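Presented below is the structure to which this report refers.
Values quoted throughout were computed directly from the atomic coordinates according to the rules given, and no laboratory measurement underlies them. No experiment lies behind these values; they were computed from the predicted model shown. Every residue, glycine as well, gets a Cβ built from its backbone with ideal geometry; the counts of neighbours run over all protein chains shown.
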Protein chains: 2
Amino acid sequence: MKKSLGAKPFLIPTPVWLIGSYDSEGKPNIMAVAWGGICSSKPPCVNISIRKATYTYHNIMSRRAFTVNVPSKDFLWQSDFTGIFSGKEVDKFASTGLTPVKSVLVDAPFIKEFPLIAECKLIQTYEIGIHTMFIGEIIDIKADETALNEKGLPEWGKILPFLYSPIDSKYYGSTGPIGDAFCIGERPVIRWSK
Amino acid sequence: MKKSLGAKPFLIPTPVWLIGSYDSEGKPNIMAVAWGGICSSKPPCVNISIRKATYTYHNIMSRRAFTVNVPSKDFLWQSDFTGIFSGKEVDKFASTGLTPVKSVLVDAPFIKEFPLIAECKLIQTYEIGIHTMFIGEIIDIKADETALNEKGLPEWGKILPFLYSPIDSKYYGSTGPIGDAFCIGERPVIRWSK
């Protein structure tokens, strides 16, 4: 039996990604987001939703670029920090000890210490409720060499991304692989009767 | 040192959600998606990206509604199944043994056996690359009573959602809580020099 809980943003899991941007003076900033995801395979695009009140909103609007930085769970407190404080007042790189690296592809900084990052050009904005959705085209993915597997691809187990739950405002961890997609679901099928 | 991997949709984690919809004859269909997320807190909205070639695309366009169904990892093969086969040919509810329940709030079915579901009204569509992004306003969240904790809220550990990686096309599991958001990042801050 299902219980109704009302109109709430109670879907899980959501990712924890840090958004890198420059302000008008060139100061690098980072901000944690959980409202986001991949929204196109080709060209590869990512969407993130941010409120206008944030520093990052104005940075992205003026620079037309941002980075998506995937933290491992080793960077749990640093990631949370960047979601609590505003770049208007706080130097979030200095406070967390993280290092901004200037992208040569887009006008935004990425985080040196994070294992997986995406450099994105802003291609569209949409107003949805109290948030602005930024659509970024992924120009390049970069990964730490130590996070790559023998095939040269980023390995989940070497990154160990973590998750956010909007239901209880807690972070959750991830585990190793539990199955191959487009594979384990191969079973006898029941076709529609004509 | 970071290695460049090119323009790819290589961000993790992405969710695994099953989208419920009705076709023009009222047949219920489900389809797994990983391109999606929450995109507004108020009103609560969810975005999912789907290609025009899918059965679900036409269902949502005509019914202006869909459900988001969060599987536990007990439903791994069933979820994968719904991402492999098309509802044009296959009765995905019958083939997986899952049960469609008609929503009384929106014109779409949800999955009886899944622990957490969202009933959504389509409020907007955007074309992004090869995908169409559907924005659904979450009209209601429903959860199995067995998935609720003592506070009456859905508990992650009783749902155990799983994840998808577009890097290696595998599913990954989730663990229990690893920290409180907007809390563990509270540290001394370094302010910008004026």
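For the reader, a short list of remarks on this structure follows.
- Taking a ≥ b ≥ c as the square roots of the eigenvalues of the alpha carbon gyration tensor, segment B:34-160 is oblate, as a/c is not under 1.5 and a/b does not beat b/c.
- A point 7 Å from Cα along Cα→Cβ stands in for B:Asp74, and the other copies hold the same point at 3.7 nm, listed in rising order.
- Reduced Cα scattering model of the protein assembly as shown, Debye log10 I(q)/I(0), q = 0.07, 0.10, 0.14 Å⁻¹: -0.29, -0.60, -1.18
- Summarising the rotation from chain B to chain A, the nearest chain B beta-carbon to the axis and its distance in Å are given as B:Gly37, 2.
- Peptide A:29-41, shielding by other chains (average Cβ, 10 Å cutoff): 6
- Distance (nanometres) between label positions extended 7 Å along Cα→Cβ at A:Leu153 and B:Met61: 3.2
- Flagged links, alpha-carbon separation over 21 Å, of A:Lys2/B:Lys170; A:Lys151/B:Lys52; A:Lys42/A:Lys102; B:Lys102/B:Lys142; A:Lys52/A:Lys121: A:Lys2/B:Lys170; A:Lys151/B:Lys52; A:Lys42/A:Lys102
- Top of B:Lys102, B:Lys52, B:Lys121 by mean-square fluctuation, Gaussian network on chain B, Cα under 10 Å: B:Lys52
- Cross-link partners of B:Lys27 among aspartates and glutamates (Cα-Cα below 12 Å; sequence separation of 8 or more within a chain): B:Glu89, B:Asp91, B:Asp107
- The distance linking segment B:46-114 with segment B:124-194 is 20 Å (Cα centroid to Cα centroid, whole angstrom).
- Rounded FRET efficiency, nearest 0.05, which uses the C-beta distance separating B:Val104 from B:Trp192 and R0 of 45 Å: 0.30
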